[in-house]
Structure formats: structure tokens, C-alpha cells
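Inspection log for the structure reproduced underneath, given as C-alpha cells.
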Amino acid sequence: MPKLWIDERYCKGCLICVEVCPTSAIASSDRINARGYVIPVEKDMSICKVCGLCELMCPDFAIAIEETDFK
Amino acid sequence: MLKYLKEEGLMGPRLPLLLCPGCGHGQVLNYTLHAVDRIIKEDKMAKEKLLFISGVGCSSRLTSHYLNFDSGWTIHGRALAVATGALLANPEFRVVVFSGDGDMASIGGNHFIHACRRNMDLTIVCMNNGLYGMTGGQQAPTSPRDMITTTTPYGNPEEAFDLCKMAEVAGANFVARWTTAHPHQVVKTIVKGIRKKGTAFIEILSQCPVHRKANPADMLETFKKMTVPWAKAKEEDKDKIPIGEFCDHDKPDWNASYEKILDQYKS
């Protein structure tokens, strides 16, 4: 299963990652970080295709995705 | 990738970025770092050969404040003039100019025309959000007709400035336009632009969710709807914005022409 990192200190809650994810593996949550922004959480990483769009399109360098098991 | 960027590309302790939530300029910085990373790895280019120059504005804060490369934060609108000087002093530099639309089209318009005309070996990344973001969302030369801004509350009566056509007519070697909703195309184009000899002008339409009062993700959807690749544009698409790579010439750049003249008078 791919591993997702979300850096809560950098995230500003624009939720572009949630919108661009083609498989809806990320979702918005009720959690609020120290700066008062709603941060996204991983919903179901087993359906993630590791396309890397969330990492590429994040304006604040707050999200990273890594393939852990190579087949 | 993020680990690499934090260790090599970005000044870690200076993050988070100063930009507003959902700003397209952060995305353009992300795409540029991916492109630069690809260039460094594939071409085995030394990191010291890259030079980032920027002027004043939201977009111009990116290079000097957050990048771990050689960079210059110069006066408003004169980023291209400083980049030209840096290139004349050391033709080995691969200079990337970060600029916004206010910096490039309005106050630095003349520098922009003449840098393209001289065909200096620059890569110009122009982030166009159609207004002056840092000063409060006023009307810019690149604002489209009928757009509501703080200085045109009933709609903009003027026509927008088409920077790509201007760069092409002024004589740039490589001209392209994309939006922040086209990530892979932008990365590919910036890689091509940095490798290209001569002026490579890349305009990237970027969103300003604070002054346009919209959701950033919705603005990305709008970008996809309001643009069309220029090669596939049909009759009914004439109201849409053409995107893509508009021209790709191989004219000699300024340094090559100057070397040629110098060689005639050597010996």
C-alpha cells in the first residue's frame, strides 16, 4: 500500500489534492491544524494508483506520496 | 520527491510559503522544481549553473526567499534587465526569470519586448493571474474584458494584453502558454524552455482565489473549461483561450551572434 505524508505545519487547507485525486483516496476532514485550516486525511490508500497528482499540484509542498511495495 | 525538495531545492526553515491558501504561484514553484530536478538529473548539469532572477510581486517572492539556488531579487519590472546583465557577465548561466503579469506586462513591458527581441538565452516563467494580487486586486493590463476587480467594480472596459503573441512577434525562440491545471505539460515545457537556446517565454495562467473570491479547486476546473489547445481549436472555440506551444524557432541567441562577430576580428 502506498504511504502518504501530510505535513500539517505547511498545509493551508485549499483542498486541491482532494479535488484532483482521480480515485478519491484522500478526503477532507474535521481536523484543524495549528493555523486554523481544515486539513485533508487519507481515506483509503488501497485504491491509490500513485499518480502523484496530489504531490505535484500542492501549492504548499505539504503532501507527499511514496510507492512502498513494488510488484 | 518532497524529501529531495526539502533537502536540496527549498530552504526548509523558511516554509510554509507566504502565499494565500490555494494560490497558483505555489503550484508553479512546485512544477518548476520538478522540471529543474529533471534537468539536473538527466543533463548532469551543475546546480551552480542555474540562476533565478525575479522582480517584485507575489510571484517574485518565490525564488529569492524559498529556493536553495543562486537567485536575485531585483527592482520592480527590471528582472529581465538584471538577467540580461548576468548573462553577459557569464554566458554559462542558465537563467530562469520568475515574474508576474504586473511585473512583466505593465511596468516591465519594454524590458520584456527588448529581451525577446535580442533573443537572450533566458527562460521566462510568467505567472498571469489577471490582476495585481499583492496590492489588493486592482485591474492589470492582463485583466480580461468585463472582469470585476477592485478598481473596475462594474466590469473592465479594456481588452487584455496577449503576452504570448507579443513575445512571438518580438522574436522569442520558444513561446508557450499553459495553466496551473495542466501540471505535466507545464513541467515538460519548462524542461524544454531551460534546454532551449534563446528566449523561452512560458506564460502560466494562475489562480488568485482571494481576489476572485472563488474556491481554488473550482478555478482549476474553470481553467480547463475556458482553454483549448490551439492546434485543435475549432470555429466554436473562438471565445476560449488558446494554450499549447505556439512557436519553436532555432534563431541564434545574442551570445552566439556576439561570439560570431568577435571571431571575425580575432587573430
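Overview of results
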{"item": "Residue list for segment B:28-49, restricted to those being in contact with a strand residue (DSSP E or B) (Cβ under 6 Å, 6 or more places away or on another chain) and either of a type in the set (Phe, Trp, Tyr) or more than 17 Å from B:Ile202 (Cα to Cα) (or both)", "result": "B:Lys49"}
{"item": "Exclusive hit being buried (at least 18 other Cβ atoms within 10 Å of the Cβ) and either more than 11 Å from chain B (Cβ to nearest Cβ) or among the small types (Gly, Ala, Ser) (or both), set A:Pro40, A:Pro2", "result": "A:Pro40"}
{"item": "Segment A:47-67, subset surrounded by fewer than 22 Cβ atoms within 10 Å (Cβ to Cβ), touching a Pro at 6+ places or on another chain (Cβ under 6 Å) and away from chain B (no Cβ under 11 Å), residue nearest to B:Pro216 (Cα to Cα)", "result": "A:Val50"}
{"item": "Qualifying residue in segment A:22-34 (condition: free of Cβ contacts under 8 Å to residues at least 40 places away in the same chain, within 10 Å of chain B (Cβ to nearest Cβ) and either crowded, with 20+ Cβ neighbours inside 10 Å or within 12 Å of the chain's Cα centre (by Cα) (or both))", "result": "no"}
{"item": "Strands (runs of 3 or more DSSP E) within chain A that include 3 or more residues farther than 21 Å from B:Gln207 by Cβ", "result": "A:3-6, A:26-32, A:63-66"}
{"item": "Matching residues, segment B:151-178, being surrounded by fewer than 18 Cβ atoms within 10 Å (Cβ to Cβ) and in contact with an Asp or Glu (Cβ under 6 Å, 6 or more places away or on another chain)", "result": "B:Gly155"}
{"item": "Qualifying residue in segment B:23-33 (condition: more than 14 Å from every other protein chain (Cβ to nearest Cβ) and crowded, with 21+ Cβ neighbours inside 10 Å)", "result": "no"}
{"item": "Residue in segment B:142-152 that is of a type outside the set (Ser, Thr, Tyr), over 16 Å from the mean Cα position of the chain (by Cα) and at positive phi present", "result": "yes"}
{"item": "Filter result for B:Pro13 (assigned to a loop (DSSP other than H, G, I, E, B) and surrounded by fewer than 23 Cβ atoms within 10 Å (Cβ to Cβ))", "result": "no"}
{"item": "Segment A:7-35: number of residues that are over 15 Å from B:Pro216 (Cα atoms) and touching a strand residue (DSSP E or B) at 6+ places or on another chain (Cβ under 7 Å)", "result": "8"}
{"item": "When residues of segment B:211-267 are limited to those that are among the small types (Gly, Ala, Ser) and within 27 Å of B:Thr142 (Cβ to Cβ), the one surrounded by the fewest Cβ atoms within 10 Å (Cβ to Cβ)", "result": "B:Ala231"}
{"item": "Lone unmet requirement of (1) away from chain A (no Cβ under 14 Å); (2) within 25 Å of B:Trp178 (Cβ to Cβ); (3) at pLDDT below 90 for B:Asp37", "result": "(1)"}
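The values are calculated or read from the model by the stated rules, or taken from the named source; none is laboratory data. For clarity, every value in this text was computed on a predicted model and none was experimentally measured. Counting neighbours? That spans all protein chains shown, and the Cβs are built from the backbone with ideal geometry, glycine included.
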